[in-house]
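The block underneath contains the structure these notes are about, expressed in structure tokens.
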Amino acid sequence: MMNNHKWYVLNVRTGSEIDIAKQLRKRGFSAVTPTENRVIRKGGKWTQQIYVVFTGYVFVYMNYNWSKYYAMSGIKGIIKILGGGQNPTPLSEDETEFILRLSEMLADPSVLRFKDDNSYEVVSGFLADYADEIIKVERRYKKATVKVTVANEEKEIKVSFIENTEQTPEQTED
């Protein structure tokens, strides 16, 4: 028997992604909500907290048919399946691989090194692999906006980074 299982994208109520993924798993689905260990400022200190990368979306693995849709439709907070009515478009193999690796890639914040002219160099982490897709870097907030393609749509995601504060050779004084 051929395996027609593929990954699909569910549009869900923002803030309920992790709960919906848990409910889907209880009903026998494989469900993923990529998260990031985000650097945030809290009480005057930089700390890390888990954040959902794609707010409003849950990724689910299934052999899509109407009975599967109805099994999901009873879960409060699911809005729709992306990619078109009766025959939604599954994620491509590349997109699937990206989504499945994303939480692992974002477990540790990327490291950036800034120069005196405020230009930067990506030292390590997720941003090193996606350096060409960085649209904006907000040094003050330790956030970088990256362009990614998911379900044939370009999306912008914000990810955090930490600064490498080691002095570069041009900053050292004898």
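Taking the stated definitions as given, is Thr14 among the β-branched types (Val, Ile, Thr) and touching an Asp or Glu at 6+ places or on another chain (Cβ under 6 Å)? Give the derivation first.
Details: among the β-branched types (Val, Ile, Thr): yes; touching an Asp or Glu at 6+ places or on another chain (Cβ under 6 Å): no.
Here the answer is no, as Thr14 does not meet what is asked.
State the number of residues belonging to the stretch 139-165 that are outside any strand (DSSP E or B) and under 19 Å from Asp94 (Cβ atoms). First the steps, then the outcome.
Initial filter on the stretch 139-165 (outside any strand (DSSP E or B)): 139-142, 151-152, 164-165.
This time we only want the ones that are under 19 Å from Asp94 (Cβ atoms), so: 151-152.
Total satisfying the criteria: 2.
Pairs only if they're at least six apart or on different chains, beta carbon under 7 angstrom, first in the stretch 137-166 and open to solvent by 30 Å² or more (accessible area, probe 1.4 Å), second outside any strand (DSSP E or B) and among the basic types (Lys, Arg); list them, first residue then second.
Listed by first residue and then by second, the contacts come to Ile162/Lys142.
Return the pair list, or none, for Cβ contacts closer than 6 Å from residues in the stretch 14-37 that are within 18 Å of Ala71 (Cα to Cα) to residues that are exposed (fewer than 14 other Cβ atoms within 10 Å of the Cβ), at least 6 apart or on different chains.
Note: pairs meeting the criteria are Ala31/Arg25.
Scan the stretch 112-138 for residues that are within 22 Å of Phe59 (Cα to Cα) and outside any helix (DSSP H, G or I) and report the count.
The qualifying residues number 1.
Against the definition (closer than 24 Å to Arg41 by Cα, at pLDDT 95 or above and in contact with a helix residue (DSSP H, G or I) (Cβ under 6 Å, 6 or more places away or on another chain)), how does Val137 come out, yes or no? Give the derivation first.
On the way: closer than 24 Å to Arg41 by Cα: yes; at pLDDT 95 or above: yes; in contact with a helix residue (DSSP H, G or I) (Cβ under 6 Å, 6 or more places away or on another chain): no.
No.
Out of Ser103, Ser110, Ser119, which single residue is small (Gly, Ala, Ser), more than 23 Å from Asp19 (Cα to Cα) and in contact (Cβ under 8 Å) with a residue 40 or more places away in the chain?
On the way: Ser103 fails: more than 23 Å from Asp19 (Cα to Cα); Ser119 fails: in contact (Cβ under 8 Å) with a residue 40 or more places away in the chain.
Only one candidate qualifies: Ser110.
The values are calculated or read from the model by the stated rules, or taken from the named source; none is laboratory data. Please read all numbers here as calculations on a predicted model, not as lab measurements. Note that each Cβ is placed from the backbone with ideal geometry, even for glycine, and that neighbours are counted across all protein chains shown. Just so you know, the surface numbers come from the protein's heavy atoms only, side chains and all, with ligands and any DNA or RNA stripped out. Shrake-Rupley method; radii C 1.70, N 1.55, O 1.52, S 1.80 Å.
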